[in-house]
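The values are calculated or read from the model by the stated rules, or taken from the named source; none is laboratory data. None of the values given here were measured: they were computed from a predicted structure. Using ideal geometry, Cβ is built from the backbone for each residue, glycine included, and neighbour counts are taken over all protein chains shown.
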Amino acid sequence: MPKLLHLIVACAENRVIGRGGKLPWRIPEDFKFFQDETAGKICVLGRVCFETWPRAAQDSRRPIVITQKRSLASAGVRVTGSLTEALTIAEELPGEIHICGGQRIYEETLALARPMRLHLTLVHADVPGDTYFPEWRHLPWRERSRRESADENYRYTFLALDRELPPAGAR
Ligand SMILES: NC(=O)c1ccc[n+]([C@@H]2O[C@H](COP(=O)([O-])OP(=O)(O)OC[C@H]3O[C@@H](n4cnc5c(N)ncnc54)[C@H](OP(=O)(O)O)[C@@H]3O)[C@@H](O)[C@H]2O)c1
């Protein structure tokens with residue numbers, strides 16, 4: 001039985017997640033949630049996410065970076081060329097697997113028929129950007145938890161959603 005995949009993302013109503021290689025907002029409560037939730041975990045992420053997240057290899061995180069740039073490998077940082085390879089490595093390691101983006105990695109993960117949990121911070125705004133989370137709302141999810149919050153700029157909802165998979169024979 002493969003491990004449960006945890007996807008973690010903050011996404012605007014128009015599915016924007018990034019702009020110019022950065023987050024399109026500054027939401028301290030969500031950033032803390034992301035740091036806390038991923039600490040100590042196996043973090044599968046793309047090269048841009050890795051290069052723009054200074055703490056990716058700190059707080060006992062074990063990053064697996066997907067890139068052709070093998071030179072990014074260093075102590076505690078694994079590098080691989082595809083999501084499939086990253087997940088093979090992650091299965092062999094102890095601990096939870098968190099999928100931290102970006103766009104293509106989320107797309108490929110959501111297309112997998114395997115157990116997954118989406119930790120979604122839904123930012124209740126349409127935000128300009130150039131990087132998107134794939135459409136998820138049409139997929140069958142079971143809501144595990146929901147918490148509303150806000151700061152001076154945004155209203156947002158912390159959601160944990162479990163993907164409901166059809167029985168193996170029906171896939
Ligand atoms: N709001 C959020 O929760 C959230 C989460 C994550 C990211 N973001 C935002 O999203 C943006 C970064 O995401 P991004 O999609 O632009 O970049 P990314 O996925 O972090 O990095 C892109 C690079 O990673 C490699 N890569 C990614 N997917 C791959 C795949 N499936 N197979 C092989 N290689 C792959 C390639 O590296 P090489 O070119 O080196 O081969 C590609 O050029 C930033 O703006 C960031 O702030 C936001």
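Which of the residues belonging to the stretch 93-108 are within 9 Å of the ligand (Cβ to nearest atom), touching a residue at least 60 places away in the same chain (Cβ under 8 Å) and not in a loop (DSSP other than H, G, I, E, B)?
Start the filter on the stretch 93-108 by keeping residues that are within 9 Å of the ligand (Cβ to nearest atom), which leaves 100-108.
From what's left, touching a residue at least 60 places away in the same chain (Cβ under 8 Å): 100-103, 105-106.
Result: GLN103, ILE105, TYR106.
Residue-by-condition table, conditions (1) more than 26 Å from ARG19 (Cβ to Cβ); (2) among the aliphatic types (A, V, I, L, M); (3) in contact with a His (Cβ under 6 Å, 6 or more places away or on another chain):
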position: THR67; (1), (2), (3): no, no, no
position: LEU72; (1), (2), (3): no, yes, no
position: GLY76; (1), (2), (3): yes, no, no
position: LEU83; (1), (2), (3): no, yes, no
position: GLU92; (1), (2), (3): yes, no, no
position: ILE99; (1), (2), (3): no, yes, no
position: GLY102; (1), (2), (3): no, no, no
position: GLU107; (1), (2), (3): no, no, no
position: PRO115; (1), (2), (3): yes, no, no
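Modelled with pLDDT of 95 or more and within 11 Å of the ligand (Cβ to nearest atom): which single residue out of HIS119, HIS124 fits that description? Talk me through it step by step, then tell me what you get.
On the way: HIS124 fails: within 11 Å of the ligand (Cβ to nearest atom).
Answer to the check: HIS119.
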Open item on the list: Just to be sure I understand, how many residues within the stretch 15-28 are over 17 Å from the mean Cα position of the chain (by Cα) and either surrounded by 18 or more Cβ atoms within 10 Å (Cβ to Cβ) or not basic (Lys, Arg) (or both)?
Closed with: 2
Open item on the list: With the requirement that a residue be more than 17 Å from the chain's Cα centre (by Cα) and surrounded by 15 or more Cβ atoms within 10 Å (Cβ to Cβ), what does the stretch 115-148 give you?
Closed with: ALA125, VAL127, GLY129
